[in-house]
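Have a look at the structure below, then the notes.
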Amino acid sequence: MMENLIKTVVSMLIILILVTVIWVMMCGKSGNRTLELYNHNVKNLKKFWMHYENEDLEKIEDMMAENYESYFYPINKPKGVKSSKYEELERMKRFFEIVDNISLDHIIMLPGIDTTNLMLDGSVRMYSGWSFDVNDIKIKLSSYGFYDFIENKIQLSHEWYDRSGVGLEIRKAFQINENFSEGKPNE
């Protein structure tokens, strides 16, 4: 009787150890797959921003999922302002028409996490510094964004930067150019 009890306990311990080893191995493989997905998405996001620097709307559009959504967070809109893929492409088109030499000057990309289980989820967080020219005046800004992907395309973006400040600097660059062309001293 005692011998059967010992065999049962030993068998249960062996099963418990095997289940634990298998579980740890599965978690490790899942983590590796998520890290591989993150690295793949980083490459896609870098390619997306390269197309942005080159002002290539067709390639940008190809890298956005059909149901793409973008959120921007201006003052007094703490839940953000939502834009569709085509609203965002139209905004980019207008921007490209008035600026030159768009440059991603520095970038830090980090993995995003699922906010429910706090595990890597393949999304990408990006801190960046940008510059562009308006009438030969260089405008610089910093931004933060995070990006979710589906089937190698950006599905969702959230971005924080001083959009109104950028607009003011663009208007100022046009005003300086107008004053200069009218013979008025720059202000």
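The values are calculated or read from the model by the stated rules, or taken from the named source; none is laboratory data. Here the structure is a predicted model, which is why all the values come from computation and not from measurement. Neighbour counts are summed over all protein chains in view; Cβ atoms, including those assigned to glycine, are modelled from backbone coordinates with ideal geometry.
A quick yes/no check of all residues on (1) in a loop (DSSP other than H, G, I, E, B); (2) touching a helix residue (DSSP H, G or I) at 6+ places or on another chain (Cβ under 8 Å); (3) closer than 28 Å to Glu66 by Cβ:
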position	(1), (2), (3)
Leu118	yes, no, no
Gly122	no, yes, yes
Arg125	no, no, yes
Phe132	no, no, no
Ser142	no, no, no
Tyr147	no, yes, yes
In segment 108-131, which residue that is among the hydrophobic types (A, V, I, L, M, F, W, C) and more than 17 Å from Phe48 (Cα to Cα) is surrounded by the most Cβ atoms within 10 Å (Cβ to Cβ)?
-> Leu120
Residue check: is Asn67 among the polar types (S, T, N, Q) and assigned to a loop (DSSP other than H, G, I, E, B)?
-> no
Within the bounds of segment 168-179, is there any residue that is farther than 19 Å from Lys43 by Cα, assigned to a strand (DSSP E or B) and not charged (D, E, K, R)?
-> no
Among what's in segment 58-77 and is of a type outside the set (A, V, I, L, M) and closer than 24 Å to Lys140 by Cα, pick the residue that is surrounded by the most Cβ atoms within 10 Å (Cβ to Cβ).
-> Ser70
Looking at (1) modelled with pLDDT under 95; (2) assigned to a strand (DSSP E or B), can you tell me which one Lys77 breaks?
-> (2)
Subset of segment 78-99, residues in contact with a strand residue (DSSP E or B) (Cβ under 6 Å, 6 or more places away or on another chain) and surrounded by fewer than 13 Cβ atoms within 10 Å (Cβ to Cβ), comes to Val81, Lys82
Would you pick out the residues in segment 67-87 that are in contact (Cβ under 8 Å) with a residue 60 or more places away in the chain and of a type outside the set (A, V, I, L, M)?
-> Asn67, Tyr68, Glu69, Ser70, Tyr71, Phe72, Tyr73, Pro74, Gly80
